[in-house]
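Notes for the one structure printed next.
The values are calculated or read from the model by the stated rules, or taken from the named source; none is laboratory data. Quick caveat: nothing in here was measured; it's all calculated off a predicted structure. FYI the Cβ positions are ideal-geometry reconstructions off the backbone, even for glycines, and counts take in every protein chain you see. For the accessible areas, the whole protein counts, side chains as well, though only heavy atoms, and no ligand, DNA or RNA atoms are used. Shrake-Rupley method; radii C 1.70, N 1.55, O 1.52, S 1.80 Å.
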Amino acid sequence: MQKTIGIIGGLTWHSTLVYYRLLNQITNERLGGAFSAKILLYSVNFEEIKQLTYADNWDGIAGIMIDVAQKLEQAGADCILLGANTMHHIADRVSSAIGVPLIHIAEVTANAILTKGLQKVALLGTKYTMQLPFYTRQLKAQGIETILPNEADIEFINTTIYDEMGKGLFLAATKTAYLKIIDDLVAKGAQGVILGCTEIPILIQQTDCDIPLFDTGLLHAIAAVDFALTK
């Protein structure tokens, strides 16, 4: 029997659209016919989350995410997805407040990297994803070394995520700059690149690079469908 996937979306709604498509697309590829995913989606107001993030008010963010996750569980969700990498900074707090599994985006990404046999990867995302320990800690636990961009590039990536991609702007000049950053990270030894913001894969695709790219939203969606279709 197919399980119901609960997703906290709106983080941003642009990537939530991708999540919704992927969850249904992957389910249909697995089951055929007219099958689609059973999904409960709660879309939050990203401006509220954004301002709390800028204020470093993770208690406030955790309170919102826990409340939404509990509502999804009460509505019948069999698992929970936080539809953004950055929000996994408080994933442990959300997980401990619910009675269903929270599928952790960094865990599934680490597993995908290990499957490729890589030991050293670059991480791109918001400055919170890159600099707070919640992501690199998951990778280190699996024996994976993380390379980060320099400080100027971290600020550039963070700004473009919030001020461009978060508003649905995916600019050619920004793409060119990202590819230059990736080239610099490859020169430092990166064997692959984690696209650790669910908007970045809208800007950068595997065809743009010669080394493996890890689309975290896609990996997260695959893991959710795997869970939903496991008896």
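Can you pull the percent of the chain's accessible area that's carbon plus sulfur, 1.4 Å probe, other chains left in place? Let's see the in-between values first.
Numbers: 5440 of 10160 Å².
Exposed carbon and sulfur together represent 53 percent of the surface.
Across the stretch 154-184, the residues whose backbone nitrogen lies under 18 Å from the label position 7 Å along the beta-carbon direction of residue 120 are 181-184. Solvent-accessible surface of the chain, averaged per residue with a 1.4 angstrom probe and all protein chains in place: 44 square angstrom. Qualifying chymotrypsin sites (Phe, Trp or Tyr not before Pro) in the stretch 1-72, where qualification requires a DSSP coil assignment and no more than 16 other C-beta atoms within 10 Å, comprise 35.
What the phi angles of the stretch 30-38 give under the Karplus curve with 6.51, -1.76 and 1.60, with θ = phi - 60°, is a coupling list of 6, 9, x, x, 10, 5, 9, 6, 8 Hz, glycine and proline written as x.
If r is the Cβ-Cβ distance from residue 75 to residue 50 and R0 is 22 Å, what FRET efficiency results, to the nearest 0.05? All intermediate terms of the calculation are to be shown ahead of the outcome.
Working: r = 26 Å, r/R0 = 1.16.
Using R0 = 22 Å, I get an efficiency of 0.30.
With the whole protein complex present, residue 72 retains an accessible surface near 10 Å², based on a 1.4 Å probe. Rounded to the nearest angstrom and listed largest first, the equivalent-ellipsoid semi-axes of the stretch 1-61 from its Cα gyration tensor are 31, 11, 7. Under the criterion of Cα pairs below 8 Å and six or more residues apart, the relative contact order for the stretch 1-150 equals 23 percent.
Note on residue 93 and residue 147: with the Förster distance fixed at 35 Å, the Cβ-Cβ geometry gives a FRET efficiency of about 0.80.
Approximating the spin labels as points 7 Å out from Cα along Cα→Cβ, the residue 167-to-residue 21 distance works out to 2.2 nm.
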